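Data block below; observations after.
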Amino acid sequence: LSYYRIGLKGVFLMPRRKWSAEEKMFIVLEGMAPGANISAICRNHGIAQTLYYRWREAFLQGGLSGLASGPSSREQQLEKELAEAKKLLGEKEMQIEILRKKTNWGRK
């Protein structure tokens, strides 16, 4: 998802940005300071207020580790494929071992 930014030269699409847990924490702490203006902070950092409040809730619930991003859906898919490949490899190794024992193949 991307979002739009309105500037002097019109409306343009902003690229999506990946924030580290530390960056999120500093933005959340900036917003938690007495008298902080959440709208201005979000505008300065180019994030939506709803995102700020999600980060704040995650920070209050889990601290810095609560702000850490989980694996992307692509990473999850690759991990799933790797697990399936390892399982299949194990099954094939078992089949080979069974055939070797049955036929005494590969032994001298």
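Just a few scattered comments:
- Taken over region 65-87, the residue count meeting the criterion of being surrounded by 13 or more Cβ atoms within 10 Å (Cβ to Cβ) and either in a helix (DSSP H, G or I) or touching a strand residue (DSSP E or B) at 6+ places or on another chain (Cβ under 7 Å) (or both) is 2.
- Within region 17-40, residues that are part of a loop (DSSP other than H, G, I, E, B) reach partners that are surrounded by 11 or more Cβ atoms within 10 Å (Cβ to Cβ) and charged (D, E, K, R) with beta carbons closer than 7 Å, at six or more positions or on different chains, in the pairs Ala36/Glu30.
Taken together, the values in this text are just the output of simple stated rules run on the coordinates, not laboratory data. In this text, all values refer to a predicted model and were calculated from it rather than measured experimentally. Don't worry about glycine lacking a Cβ; one is built from the backbone with ideal geometry, like all the others, and counts go over all protein chains shown.
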